[in-house]
Amino acid sequence: MRHLDSMPPSEFVAMLGGIFEHSPWVAEAIVARRPFQSIDALHAAMVAAVEAAPKEKRLALLAAHPELAGREAREGSLTASSTQEQARAGLDALTAAEVRRIDELNSAYRLKLGFPFIVAVRDHTKASIFATFERRLAQDADTEFAEALVQVYRITRLRLDALVSAG
């Protein structure tokens, strides 16, 4: 933590800018709030920055996430974190039927809600991801918007923990 707290603002943002998928604005919003007493305090500040953002900015944050086992995964253009997370859950080794089903679910979810389905895949098996996808697709838009943010916060906490423990 001391290293993060003492680095120049540009390095801090560069180091933490990818914690929230393609959304370095979160790290930029909290850089002046250093020092942080703990990883918990750092993550809480990041979450608070997202919660304080206008709904349109939070929607853009959600929309920056890739679809599960979607186009980006097939093209190899996922971030390193997303690639590892999806592979760990077995989403890089789907059967042809599973690929068709996840493509259907991804399309239905995005059409209904305007952003991709987001789940902390590290907390799931392939089977539980499919079950969760089906269950959450049936939720109303406001409930699902809130749930997607909860999932982003879980993902980012796991990413932050990995980054700090590796550093």
Note down the accessible area of L158, probe 1.4 Å, to the nearest 10 Å². 30 Å²
Rounded, prolate or oblate: which fits the stretch 1-71 when a ≥ b ≥ c are the square roots of the eigenvalues of the alpha-carbon gyration tensor, with rounded for a/c under 1.5 and prolate only if a/b beats b/c? prolate
How large is the accessible surface of D161 in square angstrom, using a 1.4 angstrom probe and rounding to the nearest 10? 60 Å²
Just to make sure I understand: if all protein chains stay in place, what is the order of S23, S77 by accessible area at 1.4 Å, largest first? S77, S23
If each of A162 and E104 carries a label point 7 Å out from its Cα toward its Cβ, how far apart are those two points in nm? 3.1 nm
Would you mind classifying the chain by shape? Square roots of the alpha carbon gyration tensor eigenvalues, ordered a ≥ b ≥ c; an a/c under 1.5 is rounded, otherwise it is prolate if a/b is larger than b/c and oblate if not. prolate
Magnitude of the Cβ-charge dipole (Lys and Arg +1, Asp and Glu -1) of the stretch 59-123 about the Cα centre, nearest 20 debye, reported as 120 debye
Just to verify a number: what accessible area does K57 come out at with the full protein assembly present, 1.4 Å probe, Å² rounded to tens? 90 Å²
Give the residue from T125, V152, N106 lying farthest towards the positive end of the charge dipole for the stretch 87-167; charges sit on Cβ (+1 for Lys and Arg, -1 for Asp and Glu) and the dipole is referred to the Cα centre. T125
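The values are calculated or read from the model by the stated rules, or taken from the named source; none is laboratory data. Since this is a predicted model, take the numbers as computed values, not measurements. Methodologically, a virtual Cβ is constructed for each residue, glycine included, from the backbone with ideal geometry; neighbour enumeration extends over all protein chains shown. For the accessible areas, the whole protein counts, side chains as well, though only heavy atoms, and no ligand, DNA or RNA atoms are used. Shrake-Rupley method; radii C 1.70, N 1.55, O 1.52, S 1.80 Å.
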